[in-house]
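Read-outs throughout are calculated quantities, based only on the coordinates presented, and are distinct from any laboratory measurement. No experiment lies behind these values; they were computed from the predicted model shown. So basically every Cβ, Gly included, is an ideal-geometry build from the backbone, and we count neighbours across all protein chains shown.
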Amino acid sequence: MDFPTPCPACGFENRVAFTESGVHDVTCAQCRARSCVFLRKQRFEVLFDLGTRALMDGYAREAVASFAAALERFFEFYVRAFTLQQAAGTERDFSAAQAALDGTWRHVASQSERQLGMFALAYLLREGREPEFLTPAGLGTDFRNRVIHRGALPTRAEVDAYAAGVFALIDRLLTELGEAAAHVELAQEGVFAAHLARLPDGVTAVFEEHPGMFRARRFAGAGPALSPVPKADLPAVKGVRGVNDARAFQQALFQQALAERGALLQAFKGSGR
């Protein structure tokens, strides 16, 4: 998957493939000017937006895979945010704390269940309570496995429901993390700074933030709802009536986010594809 970025020299719209680091060295296809695009976006955000793009284009199975990967990478993001936040309260050097975290993560990098265990412990230590949402129903595990591992062909409604659950869970946990998320973003800025220092003369540095559903403001103050709540206590969601349970509210919130960000995401995808 790629994204459009205008050449800083001639304005030509180049298509650039995503990288995991967020650093993209670009040579303009029209004027051959060199630039480096630093994309301020976490991997879980990229994956979720790719899922949204697939969903809008009618690729249901591909959307499920991207949404599932986004949730896994968000759990990693949470662990990193918690660990670096804890280190920030000590006299430890940030780079040393990050190196220790990277070394520890390598032990579980290829094992999803162990990653989930690390997340569960991080949540307990940070919030002081059980992560009650870590159930097959809460994570949509059965649906995910049917689609990804057993080749089931999901309907659009099923994918919408799954995406809504993933969106609401990530949105809730991001809200709970608050400023702790900035520690992971600082780590990304460190990667950017190191690459920027190595850029040769004549290469223009470009910093971009692309539209993403988790970078939008809260929708009219509406927050996530993951457990059944009375209808009167649910925040109003624009254009939606009769929302009377948490699952329906998740769906409504996701659909509103999709509607509000859809135009920007279509531009992000590009009209020439």
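Could you sort 41-51, 144-154, 128-138 so that the peptide with the highest average Cβ count within 10 Å comes first and the rest follow in order?
41-51, 144-154, 128-138
In Å, what Rg and Dmax follow from the Cα atoms of segment 124-187?
Reported Rg and Dmax, both Å: 14.9, 40.
Add +1 for every Lys or Arg and -1 for every Asp or Glu among the other residues with Cβ under 11 Å from the Cβ of VAL16, and state the total.
Around VAL16, the charge tally is -3.
I need the peptides 79-88, 94-103 ranked by packing, meaning the mean over residues of other C-beta atoms within 10 angstrom, with the highest value on top.
Top of the packing list down: 79-88, 94-103.
Let's test this: bin the Cα-Cα distances of segment 21-115 at 10 Å from zero up to the farthest pair and state each bin's percent.
Going out from 0 Å in 10 Å bins, segment 21-115 shows 14, 29, 32, 19, 6, 0 percent.
Semi-axes of the equivalent ellipsoid for segment 80-146, please: Cα gyration tensor eigenvalues, times 5, square-rooted, ordered largest first, whole Å.
Rounded to whole Å, the semi-axes are 27, 16, 7.
Using the Karplus equation 6.51 cos²θ - 1.76 cosθ + 1.60 (θ = phi - 60°), what ³J(HN,Hα) coupling, rounded to whole Hz, does each residue of segment 121-128 give in order, writing x for Gly and Pro?
Karplus-based 3J(HN,Hα) across segment 121-128 equals 5, 4, 5, 4, 5, 7, 9, x Hz.
Just order 177-188, 57-68 by mean Cβ neighbour count inside 10 Å, highest at the front, would you?
Those peptides, ordered most packed to least, come out 57-68, 177-188.
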